[in-house]
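The values are calculated or read from the model by the stated rules, or taken from the named source; none is laboratory data. In this text, all values refer to a predicted model and were calculated from it rather than measured experimentally. Backbone-built Cβ (ideal geometry, glycine too); neighbour counts: all protein chains shown. The accessibility values were calculated without ligands, DNA or RNA, using every heavy atom of the protein model including side chains. Shrake-Rupley method; radii C 1.70, N 1.55, O 1.52, S 1.80 Å.
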Amino acid sequence: MGGEVPEPRRLNRALSFDDWVPDEALHLVMGHVEDPRDREAASRVCRRWHRIDALTRKHVTVAFCYAARPARLRERFPRLESLSLKGKPRAAMYGLIPDDWGAYAAPWIDELAAPLECLKALHLRRMTVTDADIAALVRARGHMLQELKLDKCIGFSTDALRLVARSCRSLRTLFLEECHITDKGGEWLHELAVNNSVLVTLNFYMTELKVAPADLELLAKNCKSLISLKMSECDLSDLISFFQTANALQDFAGGAFYEVGELTKYEKVKFPPRLCFLGLTYMGTNEMPVIFPFSMKLKKLDLQYTFLTTEDHCQIIAKCPNLLILEVRNVIGDRGLEVVGDTCKKLRRLRIERGDDDPGLQEEQGGVSQLGLTAVAVGCRELEYIAAYVSDITNGALESIGTFCKNLYDFRLVLLDRERQVTDLPLDNGVCALLRNCTKLRRFALYLRPGGLSDDGLSYIGQYSGNIQYMLLGNVGESDHGLIRFAVGCTNLQKLELRSCCFSERALSLAVLQMPSLRYIWVQGYRASQTGLDLLLMARPFWNIEFTPPSPESFNHMTEDGEPCVDSHAQVLAYYSLAGRRSDCPQWVIPLHPA
Amino acid sequence: MAVSDHHCGGGGRSWRFAVACGVLSRCVKAEAAAAANGRHRHHPTMLLMPGADVEPDVREEAAAAAQLKIMYGGRMLVFDDFFPAGGAVVELVRAAARAGQDVRRAGAARRRVGDSRGLDAGLPVVRKVSLQRFVEKRRRMRFGATAPNLLAIRRQCCRQGRRDQAALTTPRSTEFELPSFSFV
């Protein structure tokens with residue numbers, strides 16, 4: 001059979017031998033089918049395949065924690081080894097979702113930690129996790145846990161980490177990046193160093209936890225397998241002993257340069273011999289030479305949190321021809337990106353963040369435009385991921401990306417709003433060319449300004465959306481008609497975020513009903529109707545609609561760290577759920593449903 | 001029917017696995033319906049080679065049928081002592097597994113450079129929280145140009161928790177103004 005779909009005649013013949021196919025064989029074969037989409041297709045063949053898929057499934061990702069009930073997951077996949085859960089809308093990463101919005105880990109841990117006897121890896125993203133939740137997890141699974149990833153989570157303290165450190169001796173991965181953790185002392189790291197000897201990855205980057213360098217050194221001594229350490233800020237000169245001990249280290253981020261103009265102090269720093277992923281905080285012009293001796297070996301460089309000028313970026317990147325991943329702020333400028341294009345032929349991922357907009361800061365004058373993006377597109381043809389905040393853009397630049405970056409699967413472009421003049425709007429033709437040529441694209445984000453994309457451009461996005469599953473669109477389109485034309489084309493889109501668009505509630509509802517694969521939509525900034533009830537036009541079975549009104553109460557709501565939640569524009573969240581309506585909505589979230 | 005080990009044909013696409021499963025599902029349903037109708041009817045075993053006069057060589061067939069080899073995800077899987085006389089099923093399973101190879105390879109390529117941090121573009125008017133903290137610290141560092149002051153500020157930034165930043169930062173409302181909406 002040459003890979004063709006089996007003919008029904010042959011299948012009938014095959015089925016006549018159904019009694020001869022042992023469950024064990026199907027069990028074994030199914031165990032080797034790893035792609036989640038293939039698994040999903042196989043589980044729908046018949047009840048027998050459904051049962052065997054369930055028994056052999058090892059990893060499940062729940063893309064939204066309110067889409068399913070924990071008990072249902074347990075019943076269906078009793079032998080799970082690895083579980084990923086996502087919580088709050090992505091807008092939480094930008095301070096747009098208050099901390100007490102929900103996404104509590106407790107129901108999942110309570111239901112799953114004990115019964116899932118094979119569970120050894122847990123990954124929670126943007127969820128609320130308490131010390132009690134972690135205690136329950138440790139009690140039930142501490143002896144088996146190998147991976148614990150709490151990604152941008154809130155609600156727990158170092159007390160929970162101490163418990164993990166004491167009880168989870170098989171832990172290989174502890175990931176806490178960008179979590180908000182109440183710091184009650186650094187004992188947790190000491191406990192981890194004393195009790196663990198198999199740790200491979202430790203990440204508490206951007207957590208502001210304080211740790212003692214001596215404990216890091218002890219950790220390196222006891223965990224010969226430590227390959228990756230991403231930590232909160234710690235003066236680099238205090239880590240000299242750690243670096244001497246951590247011989248296997250390949251990935252390091254978080255050391256900081258506190259002493260200005262005293263290179264002598266940092267000259268003594270010698271990085272481990274295999275280091276090839278690096279991110280240093282507050283590195284400035286005078287500190288750059290620290291990395292020159294091994295820049296040729298660097299595969300990943302994170303310069304987002306540095307004090308480098310455009311010229312500094314040019315100088316460093318020119319010495320890093322083997323980069324696969326580069327993360328910078330837009331201070332790199334077009335000149336820096338030209339150096340990237342000339343030098344980094346193997347680059348796979350490029351992220352250009354938005355820096356400081358204060359015009360008084362000399363070194364932030366760079367800015368990225370079509371010149372830099374075109375240089376990168378022409379020079380780095382292996383790129384799979386581009387995320388860029390730009391000050392200016394043209395259709396031609398997007399066409400270049402489409403022409404040269406055939407491997408792109410994730411593209412995100414944000415047009416900053418501080419520049420008055422943009423060279424070439426609307427971007428309809430450029431977007432069209434990019435989408436037509438980048439056929440592997442799975443995620444796409446486009447955040448422009450009014451006039452940045454017309455209804456025709458929006459129609460192109462829908463028409464050429466291909467296999468794109470996630471989109472973020474901001475300030476696009478001109479009218480409801482554009483949104484409808486967009487929706488008609490999106491056959492595979494599963495998750496959509498819309499912000500600052502001019503569409504009416506009615507158009508949003510009709511668009512939702514038009515997209516067959518859509519399971520999640522988040523909207524902020526739309527044209528509200530008189531009654532607010534046109535959103536109910538999208539009501540349907542298993543579809544939850546939640547409205548956050550733009551009220552003074554919402555404006556005055558405080559986040560956990562005492563800062564006002566500054567964003568007071570209405571939000572709409574709607575999603576498919578097998579779990580029914582949320583039972584833990586805060587007072588300011590209003591579920592909408594037909595009477 | 002002899003079980004032959006033949007390699008994966010090129011050009012298989014990810015949808016074929018799903019389509020194959022769909023076809024199989026429909027046949028299972030049709031089979032169940034037929035069984036319900038003919039539950040009292042006896043089905044004699046069909047010769048594998050109807051019309052042929054040759055007596056099948058039992059030993060050779062058993063030996064060949066006892067082993068299953070499947071290529072999936074770039075790997076050769078060999079199963080012994082499975083599928084006695086089930087050659088047709090072997091073909092079916094092999095086809096289904098083969099269709100999944102391309103998806104498997106594509107997934108592997110994507111995972112190779114996977115980043116543990118979910119980096120993604122976002123809403124431009126507001127900055128990512130982690131980057132916003134960095135920018136705020138940096139602004140405070142700018143206030144003191146001399147080295148001793150900068151050093152003190154840097155260390156101070158390190159010691160302060162996120163809660164304390166509110167008192168020192170400029171009012172965020174001026175920084176995070178949304179673009180004006182066209183409300184009708």
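So for segment A:105-116 (the condition being open to solvent by less than 30 Å² (accessible area, probe 1.4 Å), of a type in the set (Phe, Trp, Tyr) and in a loop (DSSP other than H, G, I, E, B)), does at least one residue qualify? No, that holds for no residue. Scanning segment A:117-134 for residues that are open to solvent by 20 Å² or more (accessible area, probe 1.4 Å) and of a type in the set (Gly, Ala, Ser) yields a single hit, A:Ala132.
Of all residues in segment A:442-474, those satisfying the criterion of being open to solvent by less than 10 Å² (accessible area, probe 1.4 Å) and within 12 Å of another protein chain (Cβ to nearest Cβ) are A:Phe444, A:Ala445, A:Leu446, A:Tyr447, A:Leu448, A:Gly452, A:Met471, A:Leu472, A:Leu473, A:Gly474.
So that you can scan it fast, the table gives a plain yes or no per residue for (1) open to solvent by 10 Å² or more (accessible area, probe 1.4 Å); (2) over 22 Å from the mean Cα position of the chain (by Cα); (3) polar (S, T, N, Q); (4) more than 10 Å from chain B (Cβ to nearest Cβ):
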residue: A:Thr394; (1), (2), (3), (4): yes, yes, yes, yes
residue: A:Leu398; (1), (2), (3), (4): no, yes, no, yes
residue: A:Asp410; (1), (2), (3), (4): no, no, no, no
residue: A:Asp417; (1), (2), (3), (4): yes, yes, no, no
residue: A:Leu434; (1), (2), (3), (4): no, yes, no, yes
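Look at segment A:132-149 and say how many of its residues are closer than 23 Å to A:Asn222 by Cβ and touching a Leu at 6+ places or on another chain (Cβ under 9 Å).
The qualifying residues number 10.
Among the residues of segment A:209-231, some residue qualifies, meaning at least one is within 14 Å of chain B (Cβ to nearest Cβ), among the basic types (Lys, Arg) and buried (at least 23 other Cβ atoms within 10 Å of the Cβ). Does segment A:77-84 contain any residue that is assigned to a helix (DSSP H, G or I) and either within 14 Å of another protein chain (Cβ to nearest Cβ) or open to solvent by 50 Å² or more (accessible area, probe 1.4 Å) (or both)? No, because not a single residue in segment A:77-84 is assigned to a helix (DSSP H, G or I) and either within 14 Å of another protein chain (Cβ to nearest Cβ) or open to solvent by 50 Å² or more (accessible area, probe 1.4 Å) (or both).
Only one of these is within 13 Å of chain B (Cβ to nearest Cβ) and either out of contact with any strand residue (DSSP E or B) (no Cβ under 8 Å at 6 or more places or on another chain) or open to solvent by less than 10 Å² (accessible area, probe 1.4 Å) (or both): A:Leu308, A:Leu371, A:Leu337. Name it.
Step by step, each of A:Leu308, A:Leu371, A:Leu337 is checked, and only A:Leu308 is within 13 Å of chain B (Cβ to nearest Cβ) and either out of contact with any strand residue (DSSP E or B) (no Cβ under 8 Å at 6 or more places or on another chain) or open to solvent by less than 10 Å² (accessible area, probe 1.4 Å) (or both).
Can we say A:Pro273 is open to solvent by 10 Å² or more (accessible area, probe 1.4 Å), part of a loop (DSSP other than H, G, I, E, B) and not acidic (Asp, Glu)? Spelling it out, A:Pro273 is indeed open to solvent by 10 Å² or more (accessible area, probe 1.4 Å), part of a loop (DSSP other than H, G, I, E, B) and not acidic (Asp, Glu).
Checked against (1) part of a helix (DSSP H, G or I); (2) open to solvent by 10 Å² or more (accessible area, probe 1.4 Å); (3) at pLDDT below 95, A:Tyr266 passes all but condition (2).
Are any residues in segment A:34-72 among the aliphatic types (A, V, I, L, M), under 16 Å from A:Ile109 (Cβ atoms) and out of contact with any strand residue (DSSP E or B) (no Cβ under 7 Å at 6 or more places or on another chain), and if so, which ones? Scanning segment A:34-72 gives a single hit, A:Ala71.
For segment A:477-536, give me each residue that is in contact with a Pro (Cβ under 7 Å, 6 or more places away or on another chain) and either under 25 Å from A:Val62 (Cα atoms) or at pLDDT 95 or above (or both). If the condition is that a residue be in contact with a Pro (Cβ under 7 Å, 6 or more places away or on another chain) and either under 25 Å from A:Val62 (Cα atoms) or at pLDDT 95 or above (or both), then A:Thr491, A:Trp522 are the ones that fit.
Restricting the search to helices (runs of 4 or more DSSP H) fully inside segment A:450-538 and requiring at least 2 residues that are hydrophobic (A, V, I, L, M, F, W, C), touching a Leu at 6+ places or on another chain (Cβ under 8 Å) and over 22 Å from A:Leu416 (Cβ atoms) gives A:480-489, A:505-514.
To keep it simple, each residue is scored yes or no on (1) modelled with pLDDT of 85 or more; (2) away from chain B (no Cβ under 11 Å); (3) open to solvent by less than 70 Å² (accessible area, probe 1.4 Å).
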| site | (1), (2), (3) |
| --- | --- |
| A:Pro6 | no, no, yes |
| A:Leu15 | no, no, yes |
| A:Arg44 | no, no, no |
| A:Ala54 | yes, yes, yes |
| A:Ala67 | yes, yes, yes |
